[in-house]
Amino acid sequence: MHYSGDTMTPGSLRASAFQVSALIALRLLIGWHFLYEGITKLTSPYWSSSGYLADSKWLFDDLFIALGSSTTAVTVIDYLNMWGLTLIGLCLLLGLFVRAASVAGIALLALYWLAAPPFAGYTYGMPSEGSYLIVNKVLIELGALLVVFAVPTSQRFGLDRFLARHSQAKPPVHTQPAVVAEVNEPVRA
């Protein structure tokens, strides 16, 4: 990717320093949010996803409610949720494996949104910051992660930049073509 000029065009990224900085800031803010949510859940002995799952409505509510009522499933979901949030946040902050972290974050946010979509007439037991109609902060952050996925800011500011340089610096491995010996003996049946 090439960063210069004042426009972003399909196929190549041409952005001003301010635009690149703004996209890096977006990645860092989302990373901080994910990391904070993960660490908060890891350090709280009382946090569990069971209430969130049990309060599910809409398309997959039967599945989410069933998962929320299973102690084993909740244990696995809590573990994946806490560590998933933490690792996604760390990767976004460090600029390490950002595309994979973005995909994982998008998937996690999509599950949150599907479990508790902000549709008119749906009320939830968990506290709400206001009244939403389809779009809430979860969906907005999901959209922002799509931008982080699409624009490789970690190639400009992050550990992915060093990984890319390291992989380019390795000399190519040359392999010898396989030598096939011909056997002129007749096939015996």
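The values are calculated or read from the model by the stated rules, or taken from the named source; none is laboratory data. On a predicted model such as this, the values are computed, not experimentally measured, just so you know. Note that we place each Cβ from the backbone using ideal geometry, even for glycine, and neighbour counts take in every protein chain shown.
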Practice problem: Exactly one condition in (1) modelled with pLDDT under 95; (2) crowded, with 16+ Cβ neighbours inside 10 Å is not met by Met1; state its number. | Solution: (2)
Self-check item: Test for Thr123: is it farther than 17 Å from Leu26 by Cβ, free of Cβ contacts under 8 Å to residues at least 40 places away in the same chain, β-branched (Val, Ile, Thr) and in a helix (DSSP H, G or I)
Solution: no
Quiz item: Among the candidates Tyr46, Tyr52, which residue alone is at pLDDT below 95, more than 30 Å from Asp160 (Cβ to Cβ) and part of a loop (DSSP other than H, G, I, E, B)?
Solution: Tyr46
Practice problem: With the condition kept exactly as written, say whether any residue in the range 18-31 is farther than 23 Å from Val138 by Cβ, loosely packed, with under 15 Cβ neighbours inside 10 Å and at pLDDT 95 or above. | Solution: no
Quiz item: Which of (1) crowded, with 18+ Cβ neighbours inside 10 Å; (2) within 20 Å of the chain's Cα centre (by Cα) is the odd one out, the single condition Leu53 does not satisfy?
Solution: (2)
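Residue by residue, here is whether (1) modelled with pLDDT of 95 or more; (2) more than 14 Å from the chain's Cα centre (by Cα); (3) over 17 Å from Leu146 (Cα atoms); (4) part of a helix (DSSP H, G or I) holds:
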position	(1), (2), (3), (4)
Thr72	yes, yes, yes, yes
Thr75	yes, yes, yes, yes
Tyr79	yes, yes, yes, yes
Trp83	yes, no, yes, yes
Ile88	yes, no, no, yes
Leu93	yes, no, no, yes
Ala100	yes, no, no, yes
Ala104	yes, no, no, yes
Ala107	yes, no, no, yes
Practice problem: Write out, first by first residue and then by second, each pair whose Cβ atoms fall under 6 Å of each other, whose residues are 6+ apart or on separate chains, and whose first residue, in the range 91-118, is at negative phi while the second is in a loop (DSSP other than H, G, I, E, B). | Solution: Cys91/Phe97; Leu114/Phe60; Ala115/Ser56; Ala116/Tyr124; Pro117/Trp58; Pro118/Tyr132; Pro118/Asn136
